[in-house]
């Protein structure tokens, strides 16, 4: 019984751990700092874990793996879609910061 509960909590946390990253990427379209290699390794990890769960008929692990796999694939796809957008966002922020510094100087000089 205790091992089942531990497995349930592990499955929940496995799924939940990518939710904040997915929300952040979806809201900001900023994928700077996301490692594509790390995501690809994680995809492989979840695929292998799913295969093992199918063989062992462990449906709790399988469901957790598949849901997490979907999340990671979505983040990976968004990373490829918006990777150039992050450069644009960086340039926009650099412009905003420069403009803000200039306006501060102008306000202090007056």
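The values are calculated or read from the model by the stated rules, or taken from the named source; none is laboratory data. For clarity, every value in this text was computed on a predicted model and none was experimentally measured. In this analysis, Cβ positions are derived from the backbone assuming ideal geometry, glycine residues included, and neighbour counts consider all displayed protein chains.
Annotations
- The sole residue among 40, 69 that is in contact with a helix residue (DSSP H, G or I) (Cβ under 9 Å, 6 or more places away or on another chain), surrounded by 10 or more Cβ atoms within 10 Å (Cβ to Cβ), over 24 Å from residue 4 (Cα atoms) and modelled with pLDDT of 85 or more is 40.
- Filter result (crowded, with 16+ Cβ neighbours inside 10 Å and modelled with pLDDT of 90 or more) within the range 44-61: 46, 49, 50, 53
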